[in-house]
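The values are calculated or read from the model by the stated rules, or taken from the named source; none is laboratory data. Quick caveat, the model's predicted, so the values are computed rather than measured. Cβ placement follows ideal geometry from the backbone for every residue including glycine, while neighbour counts extend to all protein chains displayed.
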């Protein structure tokens with residue numbers, strides 16, 4: 001019976017949407033995704049009500065469903081929470097396809113609405129799993145490059161192109177004096193350059209990071225407190241925090257940071273008023289850091305080896321790369337040294 005077939009698939013789609021909605025709400029803490037999923041669920045209820053006519057419940061026959069007891073081997077276990085979400089998204093898409101096809105026999109308008117909802121499911125894939133992709137890439141990152149116009153050999157977008165071409169894993173835009181409008185335009189253009197090749201992080205200014213669709217925000221000790229930044233960017237973007245001592249590293253972890261900067265290791269032009277912490281903090285981070293970390297501050301060709309010898313696995317570099325005559329070549333040199341050390345260790 002058509003009513004029985006529609007009933008089963010409406011239930012399947014609504015249940016799957018609820019699983020994904022709770023993930024968006026309670027794990028990602030994303031109001032935008034939560035609202036979109038909730039609206040989709042309510043839309044399904046409205047479409048079902050239009051098609052029902054009181055017949056769905058009457059047609060329901062759980063005891064007589066020959067497929068109720070048939071389970072595939074992979075249905076009884078999931079490797080991760082993300083796999084639970086992915087499986088339920090697939091279930092929703094499949095149910096919507098069935099509904100759209102069979103609804104054509106009774107309501108072309110409903111069939112069109114259901115088909116549109118199926119395309120919405122595909123659009124949710126990227127934002128639902130973007131944070132996982134970002135955090136996976138963060139864990140693999142070795143070279144983080146900071147771009148500050150006043151310290152660069154050329155304009156910031158050219159620098160961005162060059163460091164991405166040279167193999168930078170993460171690019172941070174650090175422009176403390178630039179006005180918001182100009183900074184937004186810079187960040188939006190840098191986003192296009194970095195897309196699919198490097199993570200883009202904005203120093204402070206979480207509102208502009210969201211508008212430019214950056215991958216994350218970095219907070220210094222004098223910037224907006226990390227827990228407030230997290231409230232703005234939610235859980236689907238990265239949050240980095242500058243630290244100069246173990247207690248600050250521990251606090252960053254409590255504030256739900258994704259990574260920390262360890263330094264400044266040496267005196268640096270980007271933090272002229274900050275005392276260098278030396279290699280001892282690098283050694284501590286190598287043994288005890290609760291988060292992925294990037295050693296930062298005055299790191300150049302001539303001291304990279306001793307930073308790596310102290311236990312660093314990843315570094316953040318500013319003038320050592322962006323002030324070089326050959327920015328792409330210098331970036332590639334750092335990246336190669338970091339890869340060699342990772343292989344040898």
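Considering each of 49, 41, 18, 14 in turn, give the residue that is in a helix (DSSP H, G or I), over 22 Å from residue 88 (Cα atoms) and at pLDDT 80 or above.
Going through 49, 41, 18, 14 in turn, just one is in a helix (DSSP H, G or I), over 22 Å from residue 88 (Cα atoms) and at pLDDT 80 or above: 49.
Applying the selection to the range 16-41, what residues are within 11 Å of residue 236 (Cα to Cα) and crowded, with 16+ Cβ neighbours inside 10 Å?
Selection gives 24, 28, 30, 33.
So how many residues does the range 142-155 have that are surrounded by fewer than 20 Cβ atoms within 10 Å (Cβ to Cβ) and either in contact (Cβ under 8 Å) with a residue 40 or more places away in the chain or in contact with a strand residue (DSSP E or B) (Cβ under 8 Å, 6 or more places away or on another chain) (or both)? It would help to see each step written out before you state the result.
Looking only at the range 142-155, we keep the residues that are surrounded by fewer than 20 Cβ atoms within 10 Å (Cβ to Cβ), and these are 149-151, 153-155.
Right, trim to either in contact (Cβ under 8 Å) with a residue 40 or more places away in the chain or in contact with a strand residue (DSSP E or B) (Cβ under 8 Å, 6 or more places away or on another chain) (or both) and you get 151, 153-154.
Total meeting the criteria: 3.
Looking at 248, 200, 239 in this structure, which one is touching a strand residue (DSSP E or B) at 6+ places or on another chain (Cβ under 8 Å), assigned to a helix (DSSP H, G or I) and touching a residue at least 12 places away in the same chain (Cβ under 8 Å)?
Numbers: 200 fails: assigned to a helix (DSSP H, G or I); 239 fails: assigned to a helix (DSSP H, G or I).
Exactly one of 248, 200, 239 is touching a strand residue (DSSP E or B) at 6+ places or on another chain (Cβ under 8 Å), assigned to a helix (DSSP H, G or I) and touching a residue at least 12 places away in the same chain (Cβ under 8 Å), namely 248.
Among the listed residues 154, 158, which satisfies the condition of being assigned to a loop (DSSP other than H, G, I, E, B), at pLDDT 95 or above and more than 13 Å from the chain's Cα centre (by Cα)?
154
With (1) at pLDDT 90 or above; (2) assigned to a helix (DSSP H, G or I); (3) surrounded by fewer than 16 Cβ atoms within 10 Å (Cβ to Cβ) as the list, and residue 176 as the residue in question, which single condition is left unmet?
(2)
Please work out if residue 253 is in a helix (DSSP H, G or I), under 26 Å from the mean Cα position of the chain (by Cα) and surrounded by fewer than 23 Cβ atoms within 10 Å (Cβ to Cβ).
So residue 253 fits the description; yes.
With the checklist (1) at pLDDT 95 or above; (2) crowded, with 17+ Cβ neighbours inside 10 Å in hand, flag the one item residue 289 doesn't pass.
(1)
Go through (1) surrounded by 15 or more Cβ atoms within 10 Å (Cβ to Cβ); (2) touching a strand residue (DSSP E or B) at 6+ places or on another chain (Cβ under 9 Å) for residue 225 and report which single condition fails.
Residue 225 satisfies every listed condition except (1).
List the residue pairs whose Cβ atoms are under 9 Å apart, where the first residue sits in the range 156-168 and is free of Cβ contacts under 8 Å to residues at least 12 places away in the same chain, the second is in a helix (DSSP H, G or I) and surrounded by fewer than 20 Cβ atoms within 10 Å (Cβ to Cβ), and the two are 6 or more positions apart or on different chains.
none
How many residues does the range 259-307 hold that are touching a residue at least 60 places away in the same chain (Cβ under 8 Å) and within 28 Å of the chain's Cα centre (by Cα)?
Summing the residues that are touching a residue at least 60 places away in the same chain (Cβ under 8 Å) and within 28 Å of the chain's Cα centre (by Cα) in the range 259-307 gives 5.
Hey, any hits in the range 136-149 for a residue that's closer than 30 Å to residue 93 by Cα and not in a loop (DSSP other than H, G, I, E, B)?
yes
Return the residues of the range 108-131 that are at pLDDT below 85 and exposed (fewer than 15 other Cβ atoms within 10 Å of the Cβ); say none if nothing qualifies.
Let us first name the residues in the range 108-131 that are at pLDDT below 85, namely 122-131.
Once the filter is applied, which keeps residues that are at pLDDT below 85 and exposed (fewer than 15 other Cβ atoms within 10 Å of the Cβ), the range 108-131 yields 122, 123, 125, 126.
Specify the residue that is modelled with the lowest pLDDT; the eligible residues are those in the range 256-272 that are outside any strand (DSSP E or B) and closer than 13 Å to residue 220 by Cα.
Filtering first and then ranking leaves 271.
Would you mind finding the one in 267, 292 that is in contact with a strand residue (DSSP E or B) (Cβ under 6 Å, 6 or more places away or on another chain) and on the phi < 0 side of the Ramachandran plot?
292
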